[in-house]
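Chemist: This is the structure I want to talk about, given as structure tokens.
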Amino acid sequence: MTSVSRDGHGPDPQDDPAIRRAQEERLARVWEQPKGWRYWTAVNNSEVGLWYIVTSFAFMLFAGVLGLLIRAQLARPDGDLLSAELYNQVFTLHGTAMMFLFGVPIFEAVAILLLPALLGARDLPFPRLSAFGFWCFLLGGLFVCGSIFFDAAPNSGWFMYPPLSIDQGGIGAEIWLLGLSFIEVASIAAAVELIVGVLKCRPPGMHLNLTPLYGWYVLIVGGMIVFAFPPLIAGDFLFELEKAFDWPFFDASRGGDPLLWQHLFWIFGHPEVYIIFLPSIALLAMIVPTFAQRPIAGYSWVVLSAIGTGFISFGLWAHHMYTTGMPSISLGFFSAASEAVVIPTGIQIFVFIATLMMGRVIRSVPMLFALGALMIFVAGGLTGVMIAVAPFDFQGHDSYFIVAHLHYTLFGGMVFPLMAGFYYYFPLAFGKLLSRRLGIIAFWLLFVGFNVTFLPMHLTGLLGMPRRVFTYPQNLGWEIPNLVSSLGAIVIAAGFATVILDVIRTLRNPATAPRNPWNAGTVEWMLEMPPKPWGARTIPHIESRYPIWDAPDFLARYDAGRFYLPDAEEGKRETIVTSVLDADPVQCLRVPGPGLMPIVAAVALAAMFFLATFHLWTLTVLAGFVALGAILWWLWTGTALPPEKPVKEIGLGERVPIYMAGPQSVGWWAMFITMTADLVAYLSLVFSYFFFWTIHTDFPPADAAGPGWAGPLAAGLLFVLAWGLTLAARKLNDRAHIGATRVCLGAGILAGAVGIAALIAGPALTGLDATHHAYPAIVWALVVWIVAHAGIGLVSQGFCLAGHIRGRLTSDHDADIWNTTLYWHFLLFTALVTTLVIGGFPLVA
Amino acid sequence: MDPGRAPTSGRFCSPRRSGPCISSSSIPGFAVYCAKAGRDAALDPARAAVLAASTVALGFLVWLFLGSWRRRRPSVTDADFSFEGNTPEERHRFLTHMSLASSALSIVAVIYTTIPILVLETCR
Ligand code: HEM
Ligand SMILES: [Cu+2]
């Protein structure tokens, strides 16, 4: 291999150790992390991923302490450790933090840290976006958790059902709504980043069918987030409008319906449990082959069943609502669908077992946790099959049986696999191995403690103990199982304490792990140990799923920098973008380095959400403008910058462009996925409109005057005009008609602005009062949604216009206008649907 | 068609999206029907619609299944257990296999979810 030069002929510079050393020095300089306080401006995935993991673990421990408080309170009958009100806050925050601040974020955290390594990439395509997401998560999480110290935490259960959550008063519900919406936005940002990462940043040669299984799971879960989170965001939007402005979406006395919230919540909520479960199972898919020392048996079966699980999980949500008096046909349908999801879930488990049976299993701590996970998860899955049957659920609903079920699936499906992954990947992050002995002790403490805590809860539930009660009287037969559960919880705590001790001990210990300590075959284990700031020394060319096992000279070639991008000649951070199916190199992507703007934007956006909680509207708007300014500054100075040369030699004889725009570019893909999520949120609002129609015999109500058809019609036409002008601007810019481009952009802004006015005029002039009834409320909600989006549309047209004037946007460098037109495609669609629904539907109804 | 050149990426997407979509699109249908017609209404009209939708979906899925079966023959599982080389044909084969298996899964899911409409008589 020594004589193959990087451009395919002549002597190979990689043969010269001096050249290699110089390359490594350049790489180290480029990827060096900032020092001092500036360390926190780092955006590299290895930094951000680590902070993310530590933060979500911290939230998990906090929620775990709340869990212990619950158990302490319930250990004896008539417990008086916590008041009823505080107990409500404690269990609500326990569930909320576990699901929203640990379950989902830990997926993003682990994926941000690991994905580039698994793909042999240097970083994800949008490092600053990850950093921004992290800061949003941290601030939002602190806000939500901190509220309990002010006796203001949410207190109506983690799914916040109205009317309870509205009648209970206090700002707890709003902290929940705004704090979590904020975090959900960050989650969607991370999902966009990860999806684009898997699709476009795989190393050259890694065809779709060679993608590591973890990558598949990330792709699927990212896709699920894009479709599952927006309904909840839409629900939060409606709920906040009701809380803050008394728009009666969920108020039955004014035409609203609390069940609408339940639908929106669970359309999100059920997929969410799979969003939590799949990425953790994905870790098992990486671990099991390593310790069986053979490839996974049935790769495509795993991919298929992961997709199947993800897909079917969207059709199950109403199994959380069996007791709301649904027609039996709906009960039957959702029961059947809930049973069907067992098939793909089961396939994944069987593939793991088959792989182990076909290989020679090496005993290790990760393997122990993996096996524990399978056992616990199967038990939780079986109780799931039981409660999917409606008549059984009528009995078990809202009892401790459910608490037992959900903890079995969550511990087996996520905590244990995560621990397995933690022990497995710890060396990759820190270059050190955790203790085997302490690991085994921790496992048994957790495994035994878990079962002692939660197994008796099935019984407590069948004996009739409801969930969410702050205490219970004597002589109901609930004392013993509750006491056992509480003792078990102490053992769980001891297990986690052992893990933490082990981590501290190991990090202090200077001994480092050997490279690839588990003798794994997948790409990420090519990395040096301890890890280098640049991640991959050179971006490999992939020929198989287990290159370290299959290609004997793989590591030697990697160490000598004989693949792609072994150098950083121009002093820029770079990684390779490839095509979606066959991973042919298409672009050398420059990724940004440390920056302050993500933090500024996150802080300003956080301020906006927090201030809204307290209804300080002027300050809220002010913070909103600061956030907008920070984001625009960030986009202006840090994205789609014209490079100093059009193409670059990336090694192995490949030459690829540096700048890309339109459907080829990662930015366009990110915009497309983001807008898909946004569209789903919007469609959830349309769903709400028609939901009201199905429950009312007269909808729109006879006394509703507006919004008439004239305003919506005018608005629709104006939005078509604005959209057409934007599209024309893009085409004209492409042909370098400078003046015409600017005229079109300017006229587009004008048309959009008048369109906004026309849209508002409809309901405003016909005197629709949003607080009067759910009908005017939902019409106004749709209008507000479109107006806000159109506002962003105008800003992005303005951004393009400014860029065009300042020479940032030219016919060769036109990513901004491509993305703006894409935004306008979506905007136009939603605006037209809105005008048809609010203006047209009353005419036909 | 030659297995290597078949437009499998389209195949790969369609069964898992369209099959369940067609049958589950009848859900809002009967939900609206029951909401509007009241709890005592007979399910017959809704049943006809759901059965029609399910039949269309099943027919479509079976067609896809047979299509990818023909492409995939002679084996469903064998090569999957051995190493798959790094060629475009391998990727096509992988996608065909996925298409085959996901249409099978979708067929099961559609049958499952159609069963309730066969046993129930009213919207209650
Ligand atoms: C230290 C370990 C844990 C203990 C002792 C514990 C204990 C409990 C108990 C006793 C309840 C029922 C409270 C009630 O209904 O009054 C509960 C609820 C809940 N737990 Fe845990 N739990 C633990 C870990 C977890 C984990 C790891 C997760 C998820 C990742 C989780 C998620 C939930 C959720 C979602 C609820 C429902 C909250 C609600 O009803 O609104 N728990 N937990
Ligand atoms: Cu569910």
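The values are calculated or read from the model by the stated rules, or taken from the named source; none is laboratory data. Note that the structure is a prediction, hence the values are computed from the model and not measured. Every residue, glycine as well, gets a Cβ built from its backbone with ideal geometry; the counts of neighbours run over all protein chains shown. Accessible surface is based on the protein model in full, side chains and every heavy atom, while ligands, DNA and RNA are left aside. Shrake-Rupley method; radii C 1.70, N 1.55, O 1.52, S 1.80 Å.
Chemist: Could you check how many residues of region B:77-111 are facing chain A (nearest Cβ under 7 Å), over 21 Å from A:D584 (Cα atoms) and modelled with pLDDT of 75 or more?
Modeler: Qualifying residue count, region B:77-111: 7.
Chemist: Something else about it: Within 22 Å of A:L717 (Cβ to Cβ), in contact (Cβ under 8 Å) with a residue 40 or more places away in the chain and open to solvent by less than 20 Å² (accessible area, probe 1.4 Å): which single residue out of A:W824, A:W780, A:W785 fits that description?
Modeler: Among A:W824, A:W780, A:W785, only A:W824 is within 22 Å of A:L717 (Cβ to Cβ), in contact (Cβ under 8 Å) with a residue 40 or more places away in the chain and open to solvent by less than 20 Å² (accessible area, probe 1.4 Å).
Chemist: Further, regarding this structure: Is it the case that A:T637 is away from chain B (no Cβ under 14 Å), surrounded by 17 or more Cβ atoms within 10 Å (Cβ to Cβ) and polar (S, T, N, Q)?
Modeler: Values: away from chain B (no Cβ under 14 Å): yes; surrounded by 17 or more Cβ atoms within 10 Å (Cβ to Cβ): no; polar (S, T, N, Q): yes.
Judged against the criteria, A:T637 is not a match.
Chemist: Go through region A:263-288 and report how many residues are hydrophobic (A, V, I, L, M, F, W, C) and within 16 Å of ligand 1 (Cβ to nearest atom).
Modeler: As a first pass, look at region A:263-288 and keep what is hydrophobic (A, V, I, L, M, F, W, C): A:264-268, A:273, A:275-278, A:281-288.
Okay, now just the ones that are also within 16 Å of ligand 1 (Cβ to nearest atom), so A:265-266, A:268, A:273, A:275-278, A:281, A:283.
Looking only at that region, the number is 10.
Chemist: Can you spot a residue in region A:381-388 that is open to solvent by 10 Å² or more (accessible area, probe 1.4 Å), over 30 Å from B:V110 (Cβ atoms) and not polar (S, T, N, Q)?
Modeler: No, every residue in region A:381-388 fails to be open to solvent by 10 Å² or more (accessible area, probe 1.4 Å), over 30 Å from B:V110 (Cβ atoms) and not polar (S, T, N, Q).
Chemist: While we're here: Name every residue in region B:112-124 that is open to solvent by 50 Å² or more (accessible area, probe 1.4 Å), facing another protein chain (nearest Cβ under 8 Å), in a helix (DSSP H, G or I) and not aromatic (F, W, Y), in order of residue number.
Modeler: The answer is B:I115, B:V119.
Chemist: Determine whether region A:599-621 contains at least one residue that is out of contact with any helix residue (DSSP H, G or I) (no Cβ under 8 Å at 6 or more places or on another chain) and open to solvent by less than 40 Å² (accessible area, probe 1.4 Å).
Modeler: No, region A:599-621 contains no residue that is out of contact with any helix residue (DSSP H, G or I) (no Cβ under 8 Å at 6 or more places or on another chain) and open to solvent by less than 40 Å² (accessible area, probe 1.4 Å).
Chemist: Looking at region A:390-457, what helices (runs of 4 or more DSSP H) fall wholly within it and have at least 3 residues that are surrounded by fewer than 19 Cβ atoms within 10 Å (Cβ to Cβ) and of a type outside the set (S, T, N, Q)?
Modeler: A:390-396
Chemist: Here's a follow-up. Looking at A:W301, A:W216, which one is within 11 Å of chain B (Cβ to nearest Cβ), at pLDDT 90 or above and under 28 Å from A:M357 (Cβ atoms)?
Modeler: A:W216
Chemist: Just the residues that are open to solvent by less than 30 Å² (accessible area, probe 1.4 Å) and more than 14 Å from chain B (Cβ to nearest Cβ), please, taken from region A:563-585.
Modeler: The answer is A:F563, A:Y564, A:L565, A:P566, A:D567, A:A568, A:R573, A:E574, A:T575, A:I576, A:V577, A:P585.
Chemist: If the requirement is being in a loop (DSSP other than H, G, I, E, B) and either within 16 Å of ligand 1 (Cβ to nearest atom) or under 25 Å from A:K532 (Cβ atoms) (or both), which of these qualifies: A:G141, A:G120?
Modeler: A:G120
Chemist: Limited to region A:474-490, what total is found for residues that are among the hydrophobic types (A, V, I, L, M, F, W, C) and more than 12 Å from ligand 1 (Cβ to nearest atom)?
Modeler: The number of residues fulfilling the criteria is 5.
Chemist: Which residue, of A:L259, A:L284, is assigned to a helix (DSSP H, G or I) and open to solvent by 10 Å² or more (accessible area, probe 1.4 Å)?
Modeler: A:L259
Chemist: Quick one: would you say A:L129 is modelled with pLDDT of 95 or more, in a helix (DSSP H, G or I) and either surrounded by fewer than 20 Cβ atoms within 10 Å (Cβ to Cβ) or more than 16 Å from ligand 1 (Cβ to nearest atom) (or both)?
Modeler: no
Chemist: Give me the pairs, please: first residue somewhere in region A:493-504 and without any contact (Cβ under 8 Å) to a residue 12 or more places away in the chain, second residue anywhere and more than 16 Å from ligand 2 (Cβ to nearest atom) and polar (S, T, N, Q), beta-carbon distance under 9 Å, and either six or more positions apart or on two chains.
Modeler: none
Chemist: Turning to a different aspect of this structure: If A:I343 passes every condition in (1) in contact with a helix residue (DSSP H, G or I) (Cβ under 6 Å, 6 or more places away or on another chain); (2) of a type in the set (V, I, T); (3) within 13 Å of chain B (Cβ to nearest Cβ) but one, which one does it miss?
Modeler: (1)
Chemist: Here is a follow-up. For A:S811, work out the one condition from (1) assigned to a helix (DSSP H, G or I); (2) over 23 Å from A:G256 (Cβ atoms) it doesn't fulfil.
Modeler: (1)
Chemist: Moving to a separate point now. If I go through region A:622-634 residue by residue, how many of them are in contact with a helix residue (DSSP H, G or I) (Cβ under 6 Å, 6 or more places away or on another chain) and in contact (Cβ under 8 Å) with a residue 60 or more places away in the chain?
Modeler: 1
Chemist: Scan A:A489, A:A497 and give me the residue that is assigned to a helix (DSSP H, G or I) and buried (at least 21 other Cβ atoms within 10 Å of the Cβ). Don't jump to the end; show me each part of the working.
Modeler: Numbers: A:A497 fails: buried (at least 21 other Cβ atoms within 10 Å of the Cβ).
None of the other options fit; the residue is A:A489.
Chemist: How many residues are among the β-branched types (V, I, T) and within 14 Å of ligand 2 (Cβ to nearest atom) if we restrict to region A:325-358?
Modeler: Residues flagged as among the β-branched types (V, I, T) and within 14 Å of ligand 2 (Cβ to nearest atom) within region A:325-358 amount to 3.
Chemist: State whether one or more residues within region A:374-390 are out of contact with any helix residue (DSSP H, G or I) (no Cβ under 8 Å at 6 or more places or on another chain) and away from ligand 2 (no atom under 16 Å from the Cβ). Can you show your working first?
Modeler: First, pick out the residues of region A:374-390 that are out of contact with any helix residue (DSSP H, G or I) (no Cβ under 8 Å at 6 or more places or on another chain): A:382.
This time we only want the ones that are away from ligand 2 (no atom under 16 Å from the Cβ), so: none.
No: zero hits.
Chemist: Of all residues in region A:801-818, how many are of a type in the set (D, E) and surrounded by 14 or more Cβ atoms within 10 Å (Cβ to Cβ)?
Modeler: Matching residues across region A:801-818 total 2.
Chemist: Filter region A:518-553 down to residues that are part of a loop (DSSP other than H, G, I, E, B) and under 22 Å from A:C588 (Cβ atoms), then give me how many there are.
Modeler: The total comes to 12.
Chemist: Related question: Would you please name the residue that is farthest from ligand 2 (Cβ to nearest atom), looking only at residues in region A:459-474 that are in a helix (DSSP H, G or I) and closer than 24 Å to A:N155 by Cβ? Explain how you work it out, then say what you get.
Modeler: Taking region A:459-474 as the starting set, the residues that turn out to be in a helix (DSSP H, G or I) are A:459-462.
Cutting the leftovers down to closer than 24 Å to A:N155 by Cβ gives us A:460-461.
Details: A:T460: 21, A:G461: 17 Å.
Restricting to residues being in a helix (DSSP H, G or I) and closer than 24 Å to A:N155 by Cβ, the top hit is A:T460.
Chemist: Of the residues in region A:529-579, how many are at pLDDT below 90 and in contact with a Cys (Cβ under 7 Å, 6 or more places away or on another chain)?
Modeler: 0
Chemist: Additional query: Which condition number in (1) within 16 Å of ligand 1 (Cβ to nearest atom); (2) open to solvent by 10 Å² or more (accessible area, probe 1.4 Å) is the one that A:D251 fails?
Modeler: A:D251 satisfies every listed condition except (1).
Chemist: Got at least one residue in region A:66-82 being among the small types (G, A, S), outside any helix (DSSP H, G or I) and out of contact with any Gly (no Cβ under 9 Å at 6 or more places or on another chain)?
Modeler: yes
Chemist: Right, next: Of A:I183, A:I267, which residue is more than 16 Å from ligand 2 (Cβ to nearest atom), touching a Phe, Trp or Tyr at 6+ places or on another chain (Cβ under 9 Å) and either within 14 Å of chain B (Cβ to nearest Cβ) or over 30 Å from A:T578 (Cβ atoms) (or both)? Working first, answer last.
Modeler: Values: A:I267 fails: more than 16 Å from ligand 2 (Cβ to nearest atom).
So the residue among A:I183, A:I267 that is more than 16 Å from ligand 2 (Cβ to nearest atom), touching a Phe, Trp or Tyr at 6+ places or on another chain (Cβ under 9 Å) and either within 14 Å of chain B (Cβ to nearest Cβ) or over 30 Å from A:T578 (Cβ atoms) (or both) is A:I183.
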